[in-house]
Amino acid sequence: MSELAISEVTAIPRRSTPENTQPQSAGRILIIDDEAEIRESLETLLQLEGYTVVVAENGLEGLAQIGERAFDVVLLDLALPDKNGMDVLAEIRLLRAQQAVIMITAYGTVENAVRAMQSGATNFIQKPWDNEKLLADVRAAVARQKAEEENIQLKRALKQRYNFEHIVGKSEPMLKIFDLVAQVAPSRSTVLLQGESGTGKELIAKAIHLNSTRRDKPFVPVNSGSTPPDLLESTLFGHVKGAFTSAVTSKKGLFEVADRGTLFLDEIGTMSMDTQSKILRVLQDRKFMHLGGVQEIQVDVRIIAATNVDLRQMVKEGRFREDLFYRLNVISIDLPPLRQRREDIPLLVQHFLQKYSEENERPRRRITTEALRPLVSYSWPGNVRELENTIERAVVLSSDSDIGLDLLPDHVVGRGSSVPVMDANAGATLFGIMEDCERRIIVDMLEKCGWNQTEAAERFHVPLSTLNQKIKRLAIEIKKKSREA
């Protein structure tokens, strides 16, 4: 399902430093190990990379530190003098369920480390370790942790301010839609949601309802496309006993069920012309009759309609009533496809990983850096619904905590990616990957537009000032040959 965000929520931090330079605030790391030499070695290595490091020499001391402050990553030794590392991991999970933990194991205890990962550890390193690999693992864990924390902050802020649940994202197109939803929700006006399949039209309809004065009344969805035409009118308007052959009893329609609430008419473009005329009458007069009935029924229902087809074109072709279109199109909200808001993909991935890990009663699954790249660059013709199905499949098929390329469908991994593979050991992080994808998408569009920034902004459906800000932040060099005057 599609998801939203607001401008007040903390944005994903951006790196303005060179590609191989560690940012000043790299993250906070806790090292729990009883060997002083190990602690000192790790502390020095991580501090040189810009991390803030706290050390603990046993399990109790480490748990106390976790109880006092938040850490991006915990490096936990499996063999501790006072507690078994597995027991400490279990207690960390009780204190901070989403805490990223990398296990430290000596040679010969790798099986224990694998069991730890099955219990929710993020990764494990083996003594003696390779510094570059260790740093790459820490960077990846910190990036995932920050993305998960931002996801939680986004949803908490949205729920507290707007009563929006299950909402994730931060892209500018969705911010605009969110602002529009906030303005529209308190009114009585009819709303028309337009967008490709899988962009989350029903979620937006629910958001409008939950933020309206009708929030305590029913929200009733009906999919016009999946309901046979001969049954749709009976479903919407109800019928009296004997109205047709199978009408052995009288039945209320969904307009009555939704009285004083909201009726969501999905795929409204599939309705027959006759049904359209009856919907028009309800919108005009707020009255209708049961099929086979003679008594008019008064209702107070707000209509939110949705379509994935061009209703204006259908009007021109005579397949949709023009008067109904203008009744529905009082306020129109166009939902962008996922390929136009790629920066939301990592947050959506984290959201669906958490959702389906919990639903399948498994330790929290995590996406690897290599697997995230094709997810960000793929075109997603099925939009958020397709992404959700992809992540659900990966979680169900996974045997350990990490989800890699092998668990993604072939068409996602092998198609639609113009982003070159980056070496995980070169320090690629979630944010670096996102910036790299965003940079290449913008450069590609600028090249198609002959480096005309105004035209590129129009194609992206963003203000020119926004595009210029992104070009500056991403250090994109504008070619001197440009079609701009």
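The values are calculated or read from the model by the stated rules, or taken from the named source; none is laboratory data. The model shown is predicted, which means the values in this text are computed figures rather than measured ones. Using ideal geometry, Cβ is built from the backbone for each residue, glycine included, and neighbour counts are taken over all protein chains shown.
Structure data summary
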| item | result |
| --- | --- |
| Test: Ile297 is at pLDDT below 95, over 30 Å from Gln145 (Cβ atoms) and either in the same structural domain as Ile403 (by TED's automatic domain parsing) or not in a helix (DSSP H, G or I) (or both) | yes |
| Matching strands (runs of 3 or more DSSP E) fully within region 62-128 where at least 2 residues are at pLDDT below 85 | 123-126 |
| Options Ala205, Ala243; residue that is aliphatic (A, V, I, L, M), in the same structural domain as Val181 (by TED's automatic domain parsing) and not in a helix (DSSP H, G or I) | Ala243 |
| Matching residues in region 285-308 - criterion: being of a type in the set (A, V, I, L, M) and more than 27 Å from Pro186 (Cα to Cα) | Met289, Leu291, Val294 |
| Residue, surrounded by the most Cβ atoms within 10 Å (Cβ to Cβ), within region 212-254, restricted to residues that are touching a Phe, Trp or Tyr at 6+ places or on another chain (Cβ under 8 Å) and of a type in the set (Phe, Trp, Tyr) | Phe237 |
| Among (1) surrounded by fewer than 19 Cβ atoms within 10 Å (Cβ to Cβ); (2) outside any loop (DSSP other than H, G, I, E, B) - the single one Ala371 does not satisfy | (1) |
| Test result for Ala136, among the small types (Gly, Ala, Ser), modelled with pLDDT of 85 or more and buried (at least 16 other Cβ atoms within 10 Å of the Cβ) | yes |
| Single match in Ser189, Ser226, Ser212 (criterion: among the hydroxyl-bearing types (Ser, Thr, Tyr) and within 17 Å of Ser332 (Cβ to Cβ)) | Ser189 |
| Answer from Glu317, Glu359, Glu388 - the residue that is assigned by TED's automatic domain parsing to the domain that holds Gln284 and of a type in the set (Asp, Glu) | Glu317 |
| Condition check for Gly67: in contact with a Pro (Cβ under 8 Å, 6 or more places away or on another chain) and under 29 Å from Leu348 (Cα atoms) | no |
| Conditions (1) surrounded by fewer than 13 Cβ atoms within 10 Å (Cβ to Cβ); (2) farther than 22 Å from His209 by Cα; number of the one not met by Gln284 | (2) |
| Residue list for region 393-414, filter: part of a helix (DSSP H, G or I) and within 13 Å of Val349 (Cα to Cα) | Arg393, Ala394, Val395 |
| Any hit, region 118-126, residues being within 23 Å of Ile403 (Cα to Cα), in contact (Cβ under 8 Å) with a residue 40 or more places away in the chain and surrounded by fewer than 18 Cβ atoms within 10 Å (Cβ to Cβ) | yes |
